[in-house]
Amino acid sequence: MNKKHLLLSLFLTILVRFSFAQTPSSGQVLSLQEALKFATGNNIAVKQAHLDEQGAGYRIKEAKGSGLPQINGVGQLSMYPSIPTQLLPGEIIGEPGTFVPVQFGTKYTANGGLELSQLIFSKSYFVGLEAAATTRDLYRLRTQMSQEDVLYNVSSAYLQALQTKEQFNTIEANYNRLVQLEKILTLQYKNDFAKKVDVNRITVSKTNLENQRQALAAAYEQQKNALKFFMGMPMDQNLEIANETTLTDTVLPLTSNTEEILAQRTDYQALQTQRKLYGLNVENIKGRAYANLAGFGQYVYQAQRQEFNFLDTSKPWFNTFVLGLRLNVPIFDGFQRKNQIRQAQLDVQKTELDLQNLSLSTQMGVDNALKQISASQLAIQNQERNVKLAQEVYTTTNSLYKEGLSPLTDLLEAEVALRESQTNLNNERLKYKIAQLDYIRARGEIKNLIQ
């Protein structure tokens, strides 16, 4: 072995022992579980859903309140610049066959008191109470749906960022190898042990990897920002993801029963609740055709004056106390109620179609996820073998190059083939994890990620 190859062998030995560089940024390290738990307590959409759920509770109390006693203060002040005139029969003054104009009342009239009413029977009121309770269930389910969306988005963003991080580490390691090799060949070229074209080849390959490295570093930061957004974390807070690859230990069945899956999906339960709510709306509109019965009472003080002196305590006020029942019987409303019922029934039918559509999309999602999982498992096995073979080719070519039995172009081609096989394996692993995530979501089990 000549001096040139001895020198090259020494530098390549140092190159093999060169450690991988760190990822482009550092900060608080969060596992996927920690990111999910943080998101469920800080995501804005989840917070809004909780507020909507609280609002539903207040609407229930509001609906119940319409059936409780209603007390109102009433008051009225009237002034008659021209006192009303009525005609009385002339017989009262001995002039039969004539009418006598007489003014009744005073220029100023005031009254004030309390009015009490109590609903006794209303068909639509009792239907409304049931609808209010159903609305509470609907908003509870919508809160769960919001949480599940956040869990999916955070998991997906986390896995994509993790894949980019691993890809960056692969490129970074290859880049560092080429940097060292460029130094070796440059030194050899200065000592007439290498050709200029070999140095240029290394420089071109290094520049290409540097561009990929910078693009991956930028993509990694962007994906971490997306992760922060879904988590509800401030953008200026430093964040680093853990080097984890396990999503969940999910047992994948050979067959899937769509009905069983739908039964545990929150969005399906929400649509069923929505359908029930629309059905109650139909009953509520129909209930308006029934008679309403309410009791009422009034306690009023009244005074009449020729002059505006109602604050004069020497002048009398007269009180009146009234109790009674008020019956309201709808007879004809110009077919308004009939058309309102038909509109409400259309909402029920549209929800039925939404349920059918969700059933189809669920079956499609489960089947597609299972097929992708199966395909990715096979692809990962193939790519792992491919990486192993590419590594063997690179190791052999590297040894041959150090012994002067293989040109630099073969070594560079072997390095590119190894890098591509590692990239393909990384991509297939991401596809597998995303397919797992889609499968878990399609089965309505994504909430198990934080349990």
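Scan GLY444, GLY404 and give me the residue that is open to solvent by less than 50 Å² (accessible area, probe 1.4 Å), outside any helix (DSSP H, G or I), within 27 Å of GLN147 (Cα to Cα) and in contact (Cβ under 8 Å) with a residue 24 or more places away in the chain.
GLY444
Report yes if ARG177 is over 29 Å from ALA242 (Cα atoms) and of a type outside the set (Val, Ile, Thr), otherwise no.
Taking the combined requirement at face value, the residue does not satisfy it.
Identify all residues within segment 386-429 that are within 23 Å of LEU159 (Cα to Cα) and among the basic types (Lys, Arg); write none if there are none.
Within segment 386-429, ARG419, ARG429 meet the criteria.
Out of curiosity, is PHE121 exposed (fewer than 15 other Cβ atoms within 10 Å of the Cβ) and under 46 Å from the mean Cα position of the chain (by Cα)?
Answer is yes for this residue.
Which members of segment 126-165 meet the condition of being closer than 19 Å to LEU449 by Cα and of a type in the set (A, V, I, L, M, F, W, C)?
LEU141, MET145, VAL150, LEU151, VAL154, ALA157, LEU159, ALA161, LEU162
Is it true that LEU378 is of a type outside the set (S, T, N, Q), in a helix (DSSP H, G or I) and open to solvent by 80 Å² or more (accessible area, probe 1.4 Å)?
yes
If we keep just the residues of segment 307-352 that are within 21 Å of GLN76 (Cβ to Cβ) and of a type in the set (Val, Ile, Thr), which is most open to solvent (accessible area, probe 1.4 Å)?
Once the filter is applied, the top-ranked residue is THR313.
If you take just the strands (runs of 3 or more DSSP E) that sit entirely in segment 75-186, which of them hold at least 2 residues that are hydroxyl-bearing (Ser, Thr, Tyr)?
108-121
Would you mention how many residues in segment 48-59 are surrounded by fewer than 17 Cβ atoms within 10 Å (Cβ to Cβ) and either among the hydrophobic types (A, V, I, L, M, F, W, C) or in contact (Cβ under 8 Å) with a residue 24 or more places away in the chain (or both)?
7
Which pairs turn up if I take residues in segment 130-154 that are without any contact (Cβ under 8 Å) to a residue 60 or more places away in the chain and look for partners that are open to solvent by 50 Å² or more (accessible area, probe 1.4 Å) and of a type in the set (Lys, Arg) with beta carbon separation below 9 Å, at least 6 apart in sequence or on another chain?
none
Might you check whether a residue that is open to solvent by 20 Å² or more (accessible area, probe 1.4 Å), over 24 Å from VAL204 (Cβ atoms), touching a residue at least 12 places away in the same chain (Cβ under 8 Å) and among the polar types (S, T, N, Q) occurs anywhere in segment 409-418?
no
Output the number of the condition that THR85 fails; it satisfies all remaining conditions of (1) modelled with pLDDT under 90; (2) polar (S, T, N, Q); (3) open to solvent by less than 60 Å² (accessible area, probe 1.4 Å).
Against the list (1) modelled with pLDDT under 90; (2) polar (S, T, N, Q); (3) open to solvent by less than 60 Å² (accessible area, probe 1.4 Å), THR85 comes up short only on (3).
Scan ASN281, ASN357 and give me the residue that is within 35 Å of the chain's Cα centre (by Cα) and either open to solvent by 70 Å² or more (accessible area, probe 1.4 Å) or free of Cβ contacts under 8 Å to residues at least 12 places away in the same chain (or both).
Criteria check complete, one pass: ASN357.
Scan (1) in a helix (DSSP H, G or I); (2) in contact with a Leu (Cβ under 7 Å, 6 or more places away or on another chain) for the single condition THR40 breaks and write down its number.
The number of the failed condition is (2).
Considering segment 195-233 alone, what residues qualify as being open to solvent by 70 Å² or more (accessible area, probe 1.4 Å) and assigned to a loop (DSSP other than H, G, I, E, B)?
Within segment 195-233, just LYS195 meets the criteria.
Does segment 433-443 include one or more residues that are among the hydroxyl-bearing types (Ser, Thr, Tyr) and over 37 Å from the mean Cα position of the chain (by Cα)?
No; the residues of segment 433-443 include none that is among the hydroxyl-bearing types (Ser, Thr, Tyr) and over 37 Å from the mean Cα position of the chain (by Cα).
Kindly evaluate TYR108 against the criterion of being among the aromatic types (Phe, Trp, Tyr) and either surrounded by 14 or more Cβ atoms within 10 Å (Cβ to Cβ) or under 30 Å from GLN144 (Cα atoms) (or both).
The answer is yes for TYR108.
So, GLU260, is that one more than 35 Å from the chain's Cα centre (by Cα) and open to solvent by 70 Å² or more (accessible area, probe 1.4 Å) or not?
Spelling it out, it is not the case that GLU260 is more than 35 Å from the chain's Cα centre (by Cα) and open to solvent by 70 Å² or more (accessible area, probe 1.4 Å).
The values are calculated or read from the model by the stated rules, or taken from the named source; none is laboratory data. All figures in this text were calculated on a predicted structure; none of them were measured in a lab. Ideal geometry is used to build each Cβ from the backbone, glycine not excepted, and the neighbour counts take in all protein chains shown. In case anyone asks, the SASA skips ligands and DNA or RNA and just uses the protein heavy atoms, side chains included. Shrake-Rupley method; radii C 1.70, N 1.55, O 1.52, S 1.80 Å.
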